[in-house]
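Only the coordinates and a few stated rules stand behind these numbers; no lab work does. The model shown is predicted, which means the values in this text are computed figures rather than measured ones. Because the Cβ atoms are built from the backbone with ideal geometry, glycine has one as well, and the counts that use them run over all protein chains shown.
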Amino acid sequence: PGADAPELASAQAETTRTVSAAQIAREVTRRRTFGIISHPDAGKTTLTEKLLLFSGAIQLAGTVKGRKSGRHATSDWMEIEKQRGISVASSVMQFEYRDHVVNLLDTPGHQDFSEDTYRVLTAVDSALMAIDAAKGVEEQTIKLLNVCRMRNTPILTFMNKMDRETRDPLELLDEVESVLQIECAPVTWPIGMGKTFRGVYHLLRDEILLFAPGSERADQTFEVVKGIDNPRLAEMFPLEIEQLKMEVELVHGASHAFDLDAYLAGKQTPVFFGSAINNFGVREILDALLEWAPAPRPRDATVRTVEPQETPFSGFVFKIQANMDPAHRDRIAFLRVCSGRFERGMKIKHLRINRDIRVSNVVTFMASSREQVEEAFAGDIIGLPNHGNMQIGDSFSEGEMLQFTGIPYFAPDFFRSVRIRNPLKIKQLHKGLQQLGEEGAVQVFKPVHGGDLILGAVGVLQFEVVASRLLNEYGVDAVFEGTSISSARWITCDDKKALAEFEKSIAGNNIAFDAAGNMAYLATSGVNLRHTQERWPQLTFHATREHS
Ligand code: GDP
């Protein structure tokens, strides 16, 4: 019987492979991975909460909010996170809805705005843009949308807070089109606003969803009236219905019709109106996400494009979150699965250092439970314990050398110079900053002409995190001071002679090298940057750079 055994085993292995290929395809198709882009206070937290409510992942609204007020597990928190109430668990929320698996990646705003916020958007397949309809397009939304644009990420738009006095809806669409340079295709249209908000008209379904102040319940349904010419409407809203008909005619004539391909190409955004706090219009968003938003997409790697249905596992790290428990210096590396099936306990290859690691202690993110999930597929996020050898942009596979591309660093908007109180600690300072820089916690620039190291960040909280980690992990008491630098650009140039001249010129005084050894120009003002760019047309000034 021994002679047959190997054949049998290989036949069995063959079956497992085939089964899992079909299973992988099925799992990929039912996944949606997205993030919310919005300006602080537009309603991201409220919207997140209502989305989780629909899925049954949380029973009561208020749970997500809870992270701001301190009801949470304590073990996996860093000191600053504790104070500010950001948890590892809320970084990714996975839930099931209508037989789909939805991964909602948090894009920290407010004080917590950092490069992580940008980079999270490199790990999603689509985005939901929430806009406060009273305020319109705001600064942080513009920044985040520009990041989405780098990969033509499809975007759904939710005009929130229609239960308040808002701006004119047509004007809002105009603003989105002109400021964000993306076509708007209204899918629902508001009837009134504020005290006279009656509901929304679904332009594609010819249905009116009647507004009622929402409850905290997920099973709440809003009444639907079929057809804009339905006589019931004229009875209910004699004042508003004529206005609606006029507006709808205008909208049909003047705005873009929904076009799935244009949406998928990132050229057009379907627009929904509603009120997150009242749970109104949120289900429509979730349905659109399932019906229109893309399942996990292929990802580019240096050698080839990786399809999500491929059987071998692969993925990349897009975020590293520190855990400041002093007894536990471990950090969590957030990895987006790009292909195959991840299984707890499996061996995967850390490609940059060319080493196999066995991952048994992985964190996954079901919003409804804290259980360890055993497997993950393309689009899912897993948290790997990181003992200091993982960096943002690192790729993992079952062996194939696949370095995923498109995970950028962003030119910082805030700068500090670093000094230390105890000069004997200079080595530790450099070591600490080198590691924190590699990890992506902050950007570190070393001016060519000496002087203090310069730290750059896109959000000021990053400096606090770095100061605190330098102290706790490297025993360095660093002092951060303001600088005269206002922006940074990475420099590339094929013309060696021009580059040498640039380095010798006055502008050369503002050259620095980042932690990965790339040359950057640190400008003292917008005018200074513009002048330098004009003066040195042979050089290219980049606002982002890829992880190397
Ligand atoms: P975030 O900063 O984007 O996470 O915004 P939040 O979800 O915390 O909301 C900011 C404020 O707007 C909170 O006071 C919410 O209660 C409020 N808010 C959110 N959605 C609505 C809405 O639909 N209508 C009204 N009137 N207020 C809302």
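Taking every C-alpha pair closer than 8 Å and separated by at least 6 residues, the mean separation divided by the residue count of region 443-520 gives a relative contact order of 38 percent. Coupling constants for region 334-342 follow from the phi torsions by the Karplus curve (6.51 cos²θ - 1.76 cosθ + 1.60, θ = phi - 60°), and in residue order they are 8, 10, 8, 6, 9, 7, x, 10, 8 Hz; glycine and proline get x. Across all directions, the average projected area of the convex hull around the alpha carbons of region 447-547 is 7.2 nm².
If every alpha-carbon in region 146-289 counts as one equal scatterer, what log10 I(q)/I(0) does Debye give at q = 0.12 1/Å? Those come out to -0.48, one per q. From the alpha carbon centroid of region 245-280 to that of region 89-119 is 24 Å.
Cβ-to-Cβ counts within 10 Å put HIS110, HIS449, HIS531 in ascending order as HIS449, HIS531, HIS110, the fewest first. Screening the chain for DSSP H helices whose Cα atoms reach 30 Å or more along their own axis and whose mean Kyte hydropathy is at least -1.0 gives 5-29. Between MET401 and ALA25, the contour length at 0.36 nm per residue exceeds the Cα-Cα span by 133.1 nm. Per-residue ellipticity at 222 nm from helix content only, as computed over the chain with -39500 (n - 2.57) for each DSSP H run of at least four residues, stands at -9000 deg cm²/dmol. Panel order for ARG205, ARG358, ARG341, by other beta carbons found within 10 Å of each beta carbon, from fewest to most: ARG358, ARG205, ARG341. Each of VAL120, VAL248, VAL362 has some number of other Cβ atoms within 10 Å of its Cβ, and from fewest to most they run VAL248, VAL362, VAL120. With kT/(6 pi eta Rh) evaluated at 4 °C and eta = 1.567 mPa s, and Rh the Kirkwood radius from Cα pairs, region 206-301 diffuses with a coefficient of 81 µm²/s according to Stokes-Einstein. Normalised size of the chain, defined as Cα radius of gyration per 2.2 N^0.38 Å with N residues, equals 1.06.
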